[in-house]
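Here the structure comes first, spelled out in structure tokens, and everything after it is commentary.
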Amino acid sequence: MNPWLLHLELPGIGLVSIQSYFFWMMAGRLVATEVAIREARRSEQSPAEILRLSIAAILVGLLSARAAHFLFVAPESFKKN
């Protein structure tokens, strides 16, 4: 698989590149959230709760991944700046 899915030159922003892995992970999360919301409606639960939980899980996952990268993978690259 090509590591880069898309490279765009946007006026005022510059070069925007989207990695394939990131794109497919986000697509999978969106599909999983949609399935969970449909199941919540079917079982007469609150879809808004499912959506809030999904958003919270994505944010916590992103922050945790960044913290783990900072602590374990490349702490020396952060110390230089």
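At 222 nm, what helix-only mean residue ellipticity would the chain give, in deg cm²/dmol to the nearest 500, using -39500 (n - 2.57) for each DSSP H run of four or more? Walk me through the numbers before you get to the answer.
Numbers: 3 runs with 51 residues, N = 81.
So the helix-based figure for the chain works out to -21000 deg cm²/dmol.
For the chain, find the longest principal axis of its Cα atoms and tell me its angle to the long axis of helix 20-42, 0 to 90°, nearest 10.
10 degrees
Counting pairs of alpha carbon atoms under 8 Å apart in space and at least six apart in sequence, what relative contact order in percent does the chain give? Write down the numbers at each step before the final one.
Working: 43 pairs, mean separation 12.0, N = 81.
Dividing the mean separation by the residue count of the chain yields 15 percent.
Under the rule of at least 5 residues apart or a separate chain, name every residue whose amide H is placed under 5 Å from the amide H of Leu5.
When sequence neighbours closer than 5 places are left aside, the close amide H contacts are Ile18, Gln19, Ser20.
Over segment 5-81, with every protein chain in place, what whole percent of the accessible area is carbon and sulfur at 1.4 Å, could you tell me? Before the final figure, lay out the partial values.
Numbers: 4340 of 6430 Å².
Whole-percent figure for carbon plus sulfur exposure: 67.
Probe of 1.4 angstrom, ligands and nucleic acids ignored: what's the accessible area per residue over the chain, in square angstrom?
Details: 6900 Å² over 81 residues.
Spelled out: the 1.4 Å probe surface of the chain, per residue, equals 85 Å².
Using +1 at the C-beta of Lys and Arg and -1 at the C-beta of Asp and Glu, which of Ala48, His7, His69 has the Cα lying farthest in the positive direction of the dipole of the chain?
Result: His69, furthest along the dipole toward the positive end.
As an exercise, identify the GluC sites (Glu not before Pro) in segment 25-69 lying in DSSP coil whose Cβ has no more than 11 other Cβ atoms within 10 Å. Walk me through the numbers before you get to the answer.
Details: sites: Glu34, Glu39, Glu44, Glu49; in loops: Glu44.
Passing both the DSSP loop test and the Cβ count: Glu44.
The values are calculated or read from the model by the stated rules, or taken from the named source; none is laboratory data. Remember, it's a predicted structure, so these values are computed and weren't measured experimentally. Don't worry about glycine lacking a Cβ; one is built from the backbone with ideal geometry, like all the others, and counts go over all protein chains shown. Just so you know, the surface numbers come from the protein's heavy atoms only, side chains and all, with ligands and any DNA or RNA stripped out. Shrake-Rupley method; radii C 1.70, N 1.55, O 1.52, S 1.80 Å.
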